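This report refers to the structure that appears directly beneath it.
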């Protein structure tokens, strides 16, 4: 699926898939307030792949969470596919995530009680998909785990678990995929395989990809990079980045 | 293929999770404990009531003291309501045999008598005793064995009762309703009611008591009584076994203890469910965050978990009932052994209601609040744990749980003082806990790790202070409940045994003329029989309160039995040992004014210190101010009096006889014959059989209580195990890490055992203190005992708790020691 679902309201500007305007996020620590993000503005276009890089504690994960509608900002607006998600209720955001968003996490976040197949089926079932089993099996075959359908996460290696997670992320045909350090828990070689898989699937599906990563080669494979430092975001000069990572 | 979401909510999948297993186990224990107790209590009730009904020879008894038979229409009404009836007539008369004559009290019964219990009977003086279910046939009479000698007759002879000759066909040893009745003054004979008319002894105006017995289902008895009540005159007395003081005291205490046990079981179960489900909810947060990320709304999350909770509830109820049934059967068998009679297990389905209610309340008051809050877990948690999420709103859980607990306890025990006592104990516990927490934090703050097992243990306590304190709280509460139960049980049993010790006076001497007193004393002293105090007794009627006729002052509804008959008035200089002054002052030496009134009667009459009471004694009337109100141990079966005057007071010069009691062993019974010969005018009242039967019942109830106590203590152990296992994973991970970092196994074992021993010790001390507070309140309010420290329990309980917990801690460590740290860490991931 390369297009937004039919019921999404297209506007001429919907070429912009994700927009953050004047985004700020603060956490109340009782007698103190911690500012995590400050005046963030950014735009990500349809089918673009974007990396958010920065030091630990710089606010990358918070930004990812806000863009994905997992949390709402203290100030500012997040628009996803034309919908101002930062103004939606928690349940509406959940519905929106079910229909349009996929996730990949550093710690895989597979449900230990479910098999690989069931983990992939889960978002399909939540989205009332007609044949969740068949679709899930197909995706697992695509990520190379066609023979591990009945294995539980505990019986899989880290790389295999992340492949299940990738299959799950693409299961509901998302238009945006958010990835939080997808190779962070993996060794270099496995990380590279996972990166290849992720980028390939992303290309095939035409998904917009927003990824937080420390993995510089992986970041370099994205079309654009945002640097985040002390809560402020700046877009990296792509040429300079390519120079650095060459 | 099962869908992933269905699988996520299936009980089978849940069962694979440890916390759910703990919740389910706790629920099963809860339902099983409450169900078993309820079933058993109901069984005990019905068995004891049946056995106690034998004291009346029926379930209810209606006495008519006005010399007129009870209308036949009343009996027909009773039969139409499905009740059985039996009749008897009681009167005193002279019987003759040749030249010998003797005053006897006659019990004439019809063929239905007795409706409950059996008559103990002997064919010949040397024959063995046997139980029979009906009295003598027409023309026959059974005699108290003493009468054989007094009348110089043997079985087969005949005696004259009034105008009727009756043939002696056996010896009457004991009737089921051999009640403790002061008016039964002389040896008893039993004959057929149909012979009474022919004796011509019972004439108009004779002192005769007509008694009707009723037996049947409780609702029928009650509806009959509702019909009967408006028709009863002042000379009618309706009695149920609850009115028989000594016995009803025992039953009531047993009942209260069972209720208390039941309530404590509820509390224990609640603790287990609360702890495990909270742990479960904490562990579910990641799953919920993921489901939310994948698009599940909070309402769906709520529904998902509510559905699971309902399934657990169902599983808990079914499992609990399945466990309780064999337990109940076992207890019934034990009871049958104790009673030495077959007991028909009676499955009282209604008794299961509280058990099922417990499951529901446990789930929705204790398990649901933390699980409900899963709806609020932020989706952002998939990316990282959110600040301030952990212990939030836990206080609300505590409030909900506390309300539910006390609601349940109240529901079962219907005793607000029980609820308040437990609440008091809990508050004391929490106060001490806060103090202890503060001490722990401030004294261990500067402790650094390393080296010895002691240091590691103390540092462990400090590092886990949150978990440690909540574990201490739960253990302490469990111990408090168990200790309360043990303490109440011991004092209950001690009270009972003290109430009717082995040498309780079991014979009364009544009607001792003043000049016979020294001779009686001499007679008993010569036989080395311990003699209780001799009390003077004057028969009189209470007629006025503050100058007003008593009938006008006291409303009809406040059914005061003492007004319907003559009271035994006495005078005494010293307050009997087991009496207690609750208002006013006991007589000073030399004081001649005043009267001391028994407290329950005073309450019914609305009489207080300072009011004046008027009595009619023969043709005299006296009036005295109330100077004190005292409690009386009616259950002691000693001479007890409603009204006591000072020596030389208003009763001086009134016609008095004396009364006393003494203890006689069963093989010394022949002394009674001699006594009867020497003092023909003195009545001997034998109550040895009554005392034996009460002692029997006390023994039965004691055994039942022991069984229930064992059950509840088992529940307490399950709770402890549940709480320990709640932190199992963290502790195992820590142990694995310690081993990875090079900690020796022995050090790990010693420090863990020490840490848990300290936990157990603190919890034990706390629990015992809280239990003492609760028991003090309970003793005072419910069991009317007095407070004292129970050193026999204050010392061992904390020690036992320390040892048990040390081994629980050791048991927790098992996987850490048997598996390689790496494997364990990976498994715990």
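Descriptive notes on the structure:
- Positions within region B:291-315 being farther than 17 Å from residue B:370 by Cβ and either more than 14 Å from chain A (Cβ to nearest Cβ) or in a loop (DSSP other than H, G, I, E, B) (or both), in sequence order: B:294, B:295, B:296, B:297, B:311, B:314, B:315
- Residue-level check: of (1) touching a helix residue (DSSP H, G or I) at 6+ places or on another chain (Cβ under 6 Å); (2) in contact (Cβ under 8 Å) with a residue 60 or more places away in the chain, residue A:161 misses just (2).
- Each residue in region B:381-412 was checked for being crowded, with 22+ Cβ neighbours inside 10 Å and at pLDDT 80 or above, and 2 pass.
- Of all residues in region B:673-687, those satisfying the criterion of being modelled with pLDDT of 75 or more and either surrounded by fewer than 19 Cβ atoms within 10 Å (Cβ to Cβ) or in contact with a helix residue (DSSP H, G or I) (Cβ under 6 Å, 6 or more places away or on another chain) (or both) are B:674, B:678, B:679.
To keep it simple, each residue is scored yes or no on (1) at pLDDT 90 or above; (2) part of a loop (DSSP other than H, G, I, E, B); (3) buried (at least 18 other Cβ atoms within 10 Å of the Cβ).
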position: B:168; (1), (2), (3): yes, no, yes
position: B:184; (1), (2), (3): no, yes, yes
position: B:221; (1), (2), (3): no, no, yes
position: B:230; (1), (2), (3): no, no, no
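- Residue in region B:99-156 that is surrounded by the most Cβ atoms within 10 Å (Cβ to Cβ), counting only those that are touching a strand residue (DSSP E or B) at 6+ places or on another chain (Cβ under 7 Å) and part of a helix (DSSP H, G or I): B:147
- Every pair of residues 6+ apart whose Cβ atoms lie under 7 Å, when the first sits in region B:311-324 and is touching a residue at least 60 places away in the same chain (Cβ under 8 Å) while the second is in a helix (DSSP H, G or I) and surrounded by fewer than 19 Cβ atoms within 10 Å (Cβ to Cβ): B:311/B:11; B:313/B:360; B:315/B:11; B:317/B:356
- Among the residues here, residue B:78 qualifies as surrounded by 23 or more Cβ atoms within 10 Å (Cβ to Cβ), outside the structural domain of residue B:190 (by TED's automatic domain parsing) and not in a loop (DSSP other than H, G, I, E, B).
- Check on residue B:470, assigned to a helix (DSSP H, G or I), surrounded by fewer than 20 Cβ atoms within 10 Å (Cβ to Cβ) and either within 14 Å of chain A (Cβ to nearest Cβ) or at pLDDT 70 or above (or both): no
- Inside region B:597-646, residues that are assigned to a strand (DSSP E or B), farther than 17 Å from residue B:541 by Cα and touching a helix residue (DSSP H, G or I) at 6+ places or on another chain (Cβ under 8 Å) make up a count of 3.
- Of all residues in region B:759-773, those that are touching a residue at least 12 places away in the same chain (Cβ under 8 Å) have Cβ atoms under 9 Å from Cβ atoms of residues that are surrounded by fewer than 22 Cβ atoms within 10 Å (Cβ to Cβ) and not in a helix (DSSP H, G or I), 6 or more apart or on another chain, in B:768/B:790; B:768/B:795; B:771/B:790; B:772/B:787; B:772/B:789; B:772/B:790.
- Against the test of being within 11 Å of chain B (Cβ to nearest Cβ) and over 20 Å from residue A:225 (Cα atoms), the options A:158, A:144 yield a single qualifying residue, A:158.
- Options B:323, B:349, B:318, B:288: the member that is modelled with pLDDT of 75 or more and either in contact with a strand residue (DSSP E or B) (Cβ under 8 Å, 6 or more places away or on another chain) or within 14 Å of chain A (Cβ to nearest Cβ) (or both): B:288
- Any hit, region B:702-715, residues being closer than 30 Å to residue B:619 by Cβ, at pLDDT 70 or above and either touching a strand residue (DSSP E or B) at 6+ places or on another chain (Cβ under 9 Å) or crowded, with 17+ Cβ neighbours inside 10 Å (or both): no
The values are calculated or read from the model by the stated rules, or taken from the named source; none is laboratory data. Since this is a predicted model, take the numbers as computed values, not measurements. Positions of Cβ are generated from backbone atoms using ideal geometry, with glycine treated the same way; all protein chains shown enter the neighbour counts.
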